[in-house]
Amino acid sequence: MIEFEHVTKAFHGKAAVSDVSLNFAEGAFSVLVGTSGSGKSTTLKMINRMVDFDSGMIRFAGEPVTRHPVTTLRRRMGYAIQSIGLFPHWTVAENIATVPRLLNWSGKKIHSRVIELLELLNLDPAVFYQRYPHQLSGGQQQRVGVARALAADPEVLLMDEPFGALDPVTRSSLQQEILRVQRAQGRTIILVTHDIDEALALADHLVLMDNGKVVQQGAPDTLLRQPASDFVRGFFGDSDRGIRLLGLYRVKNLVRQGEAPSDGQPVTVALSLREALSAFIQQARSVLPVVNDAGEVVGNLHLQDVIHQGVTP
Ligand SMILES: Nc1ncnc2c1ncn2[C@@H]1O[C@H](COP(=O)(O)OP(=O)(O)OP(=O)(O)O)[C@@H](O)[C@H]1O
Ligand SMILES: [Mg+2]
């Protein structure tokens with residue numbers, strides 16, 4: 001859906017992005033990670049032409065981005081960022097309605113969409129609808145920013161550290177929400193984050209950048225199991241690699257069915273193996289019963305099987 005071919009961009013003679021080739025597939029959740037200053041935000045901004053590239057080619061839906069008028073790009077691509085933000089003299093509702101208004105939606109449709117998004121992002125419409133950005137906390141502003149990006153249901157969502165100022169609980173629920181939207185509606189999402197665990201939790205396609213270059217890209221599982229270099233290995237924390245791998249898998253794949261249910265507090269099929277490992281430790285057990293979403297026991301989970309899954313070469 002979005003393709004980079006040998007894209008280079010320099011600021012004041014210094015390369016910020018050099019010779020980057022990437023393919024962000026339609027319907028995929030792509031995540032850019034990397035060290036500070038490695039070119040992630042610049043890469044993102046070249047997609048919607050907030051920054052123009054020097055050489056190479058970027059295509060959106062088969063056409064060079066330079067052939068799409070900037071206004072069209074902005075309507076077709078939602079953009080949410082941590083730092084810049086909301087229009088200060090507009091209410092929360094007006095901010096969220098930015099693109100729907102450009103698209104001439106009816107007042108009634110805009111109103112109900114704004115209410116829907118506020119509720120989705122856990123912002124009580126009765127409290128927040130008429131507020132101004134300076135009357136919000138940093139985390140609340142961020143959520144309004146995400147709501148604004150989602151408002152017109154864009155084909156592509158570009159997100160630059162959108163959850164940075166959020167507490168872990170809100171952050172995790174917003175991650176789940178974005179994942180749900182992406183899976184349900186097949187949205188193409190490109191997200192930049194510093195948070196390795198967030199990247200691993202969200203990405204179908206993970207792109208690791210360093211010093212303006214793509215060092216490795218692929219499925220999270222591949223980057224953890226087959227790091228292309230010591231840099232990649234170190235980036236994901238060599239000592240945490242096993243645990244992080246376990247975070248990529250769910251209990252349901254390792255259930256031993258047909259065994260007599262074990263004693264202990266059950267784990268659910270949807271839990272990650274990383275969380276399940278914690279349950280084994282907390283309960284000092286090596287076998288735990290597994291329940292499905294309806295709470296019915298479906299088998300057992302063995303600590304030994306979990307450990308085996310996290311083995312890296
Ligand atoms: N408008 C600009 N003018 C000059 N230099 C810039 C500009 N934007 C980015 N740079 C430089 O380009 C490089 C890449 O910056 P970029 O913002 O893409 O990095 P990043 O990976 O997003 O970093 P961070 O994780 O800190 O946000 C940096 O060295 C930065 O200083
Ligand atoms: Mg950045």
For region 90-106, in residue order, the Karplus 3J(HN,Hα) values (coefficients 6.51, -1.76, 1.60; θ = phi - 60°; whole Hz; Gly and Pro = x) are 10, 5, 3, 4, 5, 4, 5, 7, 3, 6, x, 5, 4, 8, 6, 5, 6
Phi angles of region 38-49, converted by Karplus (6.51 cos²θ - 1.76 cosθ + 1.60, θ = phi - 60°) into ³J(HN,Hα) in whole Hz with x for Gly and Pro, give 7, x, 5, 5, 4, 4, 4, 5, 6, 5, 9, 6
Hey, if you drop one equal point scatterer on each alpha-carbon of the chain and run the Debye formula without solvent, what base-10 log of I(q)/I(0) do you get at q = 0.08 Å⁻¹? -0.43
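Are there GluC sites (Glu not before Pro) in region 242-297 that DSSP marks as loop and that have at most 10 other Cβ atoms within 10 Å, and which are they? Display every interim value, and only then the final one.
Details: sites: GLU259, GLU275, GLU296; in loops: GLU259, GLU296.
Of the GluC sites (Glu not before Pro), the ones in loops of region 242-297 whose Cβ has at most 10 other Cβ atoms within 10 Å are GLU296.
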Taking Cα pairs under 8 Å and at least six residues apart, what relative contact order does region 161-231 come out at, in percent? 19 percent
In region 142-170, whose amide N lies under 18 Å from the spot 7 Å out along Cα-to-Cβ of SER112? List them in ranges. 151-153
Give me the percent relative contact order of the chain, please, defined on Cα pairs under 8 angstrom at least 6 residues apart. 19 percent
Expressed in nanometres to one decimal, the distance between label points 7 Å along Cα→Cβ at ALA228 and ASP305 is 3.5 nm
Residues with amide H under 5 Å from that of GLY299, placed H, sequence gap 5 or more: VAL290
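Can you tally the net charge around THR193? Count Lys and Arg as +1, Asp and Glu as -1, for every other residue whose Cβ sits under 11 Å from the Cβ of THR193. Please report the intermediate quantities before stating the final value.
Working: positive: LYS40, ARG171; negative: ASP160, GLU161, ASP195, ASP197, GLU198.
Net of charged neighbours comes to -3.
So what's the net charge close to ARG241: Lys and Arg +1, Asp and Glu -1, counting the other residues with Cβ under 10 Å from its Cβ? Numbers along the way, then the final one.
Working: positive: ARG225, ARG233, ARG244; negative: ASP238, ASP240.
Value of the local net charge: +1.
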Helix 138-150: inclination vs the chain longest Cα principal axis, degrees, rounded to 10, gives 70 degrees
Please list, in chain and number order, the residues 5+ apart from GLY34 or on another chain whose amide H is under 5 Å from its amide H, with Hs placed from the backbone. MET209
Using amide H atoms built in the peptide plane, which far-off residues or other-chain residues are under 5 Å from GLN216 H to H? LEU208
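How large, in percent, is the carbon and sulfur part of the accessible surface of region 2-236 at a probe radius of 1.4 Å? List each step's numbers first, then the result.
Values: 5250 of 10430 Å².
Percent of accessible area from carbon and sulfur atoms in region 2-236: 50.
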Need the C-alpha centroid separation for region 259-289 versus region 32-46, integer Å. 39 Å
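Measuring with a 1.4 Å probe in the full set of protein chains, what accessible area per residue, in whole Å², belongs to region 196-313?
Value returned for region 196-313: 50 Å² of accessible area per residue.
The values are calculated or read from the model by the stated rules, or taken from the named source; none is laboratory data. Everything quoted here is computed from the prediction, not taken from an experiment. Note: ideal-geometry Cβ built from the backbone for every residue, glycine included; neighbour counts use all protein chains shown. All accessible areas refer to the heavy atoms of the entire protein, side chains included, with ligands and DNA or RNA removed. Shrake-Rupley method; radii C 1.70, N 1.55, O 1.52, S 1.80 Å.
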